[in-house]
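*Asks:* Got a structure for you, written out below as structure tokens; questions coming shortly.
The values are calculated or read from the model by the stated rules, or taken from the named source; none is laboratory data. Because the structure is a prediction, the values reported are computed rather than measured. Glycine also receives a Cβ, built like all others from the backbone with ideal geometry; neighbour counts cover every protein chain displayed. Heavy atoms of the whole protein, side chains included, go into the accessibility calculation; ligands, DNA and RNA do not. Shrake-Rupley method; radii C 1.70, N 1.55, O 1.52, S 1.80 Å.
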Amino acid sequence: MKHHSFFSLTFWKLFWIIMRPYLLFVSAAAGMSGFAEGPERGIGIVFVVFLVFFFSYGLGHGITDSFQIDTDSLSSPYRPLVQGTIRRWQSLGVSITFLTVSCAILFILNPWIFPLGFLCVLGLITYTPFKRKWWGGPFYNAWIVAILPVVGKLAASGRSTSPLDVMETGILSLIIISTFFSYSNFVLMGYFKDISADRASGYNTFVVSFGWKKAAAASDVFALISIVVTGWGIFSALGTETTLSWKWGSLLIYAASVIALIVAQIGIHSIRDENLAYRPIAYVVRGFILLRLAEIVVLKPSWIMPSLLFYGAYEWMLKKRPEKRQV
């Protein structure tokens, strides 16, 4: 099998597959939900921070995929690391290098971001052993993503602001909780499509350990918590506001997120075929992104049009994914 060098265009095309471009919207939405609660910043800073969050999810996959070639070889044989067209050390090297650069960029905005970023990278490197435990996978993966809103608000708030400072006011704590449980739901539901591969590879996920019905019920709980907490945050942010503004658009986006999550939960209960699990999983991702966009719009009403364009781009990228049964 031919290995491609860093200096070839083919390498970067293959690494793009590893990054799952249709899921880059997850980290961007999570990070920008925290950024939106901070003070107004210039368009240049907003754009740079957005790009860092956008690509961080894909770089994270470059790390986690490097440690899960065993199960991916059964469930996702199309991936470059499985096929051997990209070497493990290449994927790790590129991912860790660019994530370090990303942390350094955000460090300029707020020094507290670097240790939080380092913690996230360490979490990605150590994720795989926890995925093998039924009690570990979703929650261990989710705390990494739940840090992103904190990083976002720190980036917006400036160099003199600490993580404790950004938690004192606003709805950031609610955003973190909802992000944690809605992403836990995505991770847990993602295991449904890999049951056979995980069982064969020794990954004792919740679905493998307890079966489809109980795992679907746990997924329901995660979805319900995320819906309730984000709703609490949105209505808290709206407060006693009675004047008509784009802020109220957050309620429409929130309603769309609730519908997406309900469709997802009904879907995961109504099937028993892991080859069809991608359908409700896609709706869980939709729900996650829409929850974050609802939070963003209630905090920064002027961002409603970019948020809608962002979501439209996600749907377009989702349709372009290379393997339809993988989300």
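*Asks:* Find, to one decimal place in angstroms, the Kirkwood hydrodynamic radius of the chain, where the mean of 1/r is taken over every pair of different Cα atoms and then inverted.
*Replies:* Working: mean 1/r = 0.0501 Å⁻¹.
19.9 Å is the Kirkwood radius here.
*Asks:* Taking θ as phi - 60°, what are the ³J(HN,Hα) couplings along the range 293-305 by the Karplus curve (6.51, -1.76, 1.60), each to the nearest whole Hz, with x for Gly and Pro?
*Replies:* 5, 4, 5, 4, 5, 5, 8, 10, x, 5, 8, 5, 5
*Asks:* Return the calculated 222 nm mean residue ellipticity for the chain, to the nearest 500 deg cm²/dmol, obtained by summing -39500 (n - 2.57) across DSSP H runs with n ≥ 4 and dividing by the residue count.
*Replies:* Numbers: 18 runs with 239 residues, N = 327.
After summing the helix terms and dividing by the residues of the chain, the value is -23500 deg cm²/dmol.
*Asks:* Enter the accessible area per residue of the range 195-316 (Å², integer; probe 1.4 Å; all protein chains in place). Provide the component values of the computation, followed by the final result.
*Replies:* On the way: 5530 Å² over 122 residues.
Heavy-atom accessible area per residue stands at 45 Å².
*Asks:* Could you pull out which residues in the range 11-35 have an amide N less than 14 Å from a spot 7 Å beyond the Cα of E323, following the Cα-Cβ vector?
*Replies:* It comes to 17-21, nothing else.
*Asks:* Hey, another quick one. When the accessible area of the chain is computed with all protein chains present and a 1.4 Å probe, what percentage of it is carbon and sulfur? If you can, show how the numbers build up before the last one.
*Replies:* On the way: 9910 of 13940 Å².
After summing per-atom areas, the C and S share lands at 71 percent.
*Asks:* What's the long-distance tail for the range 36-148, i.e. % of Cα pairs beyond 26 Å?
*Replies:* Working: 1625 of 6328 pairs.
More than 26 Å apart: 26 percent of the Cα pairs in the range 36-148.
*Asks:* Quick query: amide H of E37 versus all other amide H atoms, modeled in the peptide plane; which residues come in under 5 Å with a sequence gap of 5 or more or a different chain?
*Replies:* none
*Asks:* Ordering T10, T243, T128 by accessible area with a probe of 1.4 Å, largest first, what comes out?
*Replies:* Working: T10 60, T243 90, T128 10 Å².
Correct descending sequence by accessible area is T243, T10, T128.
*Asks:* Work out from phi, with θ = phi - 60° and the Karplus expression 6.51 cos²θ - 1.76 cosθ + 1.60, the ³J(HN,Hα) of each residue of the range 61-68, listed in order in whole Hz, and give x for Gly and Pro.
*Replies:* Rounded to whole hertz, the list is 5, x, 7, 5, 4, 5, 9, 10.
*Asks:* OK, next. For W89 paired with E168, estimate the spin-label separation in nm (one decimal), with each label point 7 Å from Cα along the Cα-to-Cβ line.
*Replies:* 4.9
*Asks:* Further, regarding this structure: Which value in nm describes the separation of the simple spin-label points at S196 and R159, placed 7 Å from the Cα toward the beta carbon?
*Replies:* 5.7
*Asks:* Heads up, I need the accessible area for R132: 1.4 angstrom probe, whole protein in place, Å², nearest 10.
*Replies:* Approximately 80 Å² for this residue.
*Asks:* Using Cα-Cα distances under 8 Å and only pairs 6 or more residues apart, what relative contact order does the chain have, in percent? Show your work: numbers first, answer last.
*Replies:* Details: 501 pairs, mean separation 68.5, N = 327.
Normalised by residue count, the contact order of the chain is 21 percent.
*Asks:* Across the chain, how many lysine pairs, 8 or more apart or on two chains, come within less than 23 Å at their alpha-carbon atoms?
*Replies:* Taking the chain as the scope, the lysine pair count is 18.
*Asks:* While we're here: Which of the chymotrypsin sites (Phe, Trp or Tyr not before Pro) found in the range 135-229 are in a DSSP loop and have at most 13 neighbouring Cβ atoms, other than their own, within 10 Å?
*Replies:* Working: sites: W135, F139, Y140, W143, F180, F181, Y183, F186, Y191, F192, Y203, F206, F210, W212, F222; in loops: W135, Y203.
Those that pass, being in a loop and sparsely packed, are W135.
*Asks:* Here's something else I'd like to know. Which residues in the range 153-172 place their backbone N less than 17 Å from a point set 7 Å from the Cα of R41 along the Cα-to-Cβ direction?
*Replies:* Residues 153-167, 172 qualify, since their backbone N sits under 17 Å from the label point.
*Asks:* If the chain between T240 and W16 were fully stretched, how many nm would it gain, using 0.36 nm times the residue separation less the Cα-Cα distance? It would help to have the intermediate numbers written out before the result.
*Replies:* Numbers: separation 224, 0.36 × 224 = 80.64 nm, distance 4.57 nm.
Using 0.36 nm per residue and subtracting the Cα-Cα distance, I get 76.1 nm.
*Asks:* Moving on to the next point. Once you have the alpha carbon radius of gyration of the range 175-272, what is it after dividing by 2.2 N^0.38 Å, with N set to its residue count?
*Replies:* Details: Rg = 16.6 Å, N = 98, 2.2 N^0.38 = 12.6 Å.
Relative to the rule-of-thumb radius for its length, the range 175-272 sits at 1.32.
*Asks:* Binning every alpha carbon pair distance of the range 219-327 at 5 Å from zero, what are the percents per bin?
*Replies:* In whole percents, the pair-distance histogram is 2, 12, 21, 20, 17, 13, 8, 4, 2, 1.
*Asks:* What is the distance in Å between the Cα centres of the range 277-294 and the range 110-139?
*Replies:* That distance is 22 Å.
*Asks:* Continuing with the same structure: Using each residue's phi in the range 322-327, evaluate 6.51 cos²θ - 1.76 cosθ + 1.60 at θ = phi - 60° and report the 3J(HN,Hα) Karplus result to the nearest Hz, with x for Gly and Pro.
*Replies:* x, 10, 5, 8, 10, 10
*Asks:* Oh, and also: I'm a student and want to see the number: the projected area of the Cα convex hull of the range 237-288, averaged over all directions, in nm². Walk me through the intermediate numbers first.
*Replies:* On the way: hull surface 16.5 nm².
If you wrap the Cα atoms of the range 237-288 in a convex hull and average its projections, you get 4.1 nm².
*Asks:* Given labels modelled 7 Å from the Cα in the Cβ direction, how far is it in nm from W232 to W135?
*Replies:* 2.5
*Asks:* Where does the charge balance sit around S157 when Lys and Arg score +1, Asp and Glu -1, over other residues with C-beta under 12 Å from its C-beta? Display every interim value, and only then the final one.
*Replies:* Working: positive: R41, K153, R159; negative: E37, E40, D165, E168.
Result for the local shell: -1.
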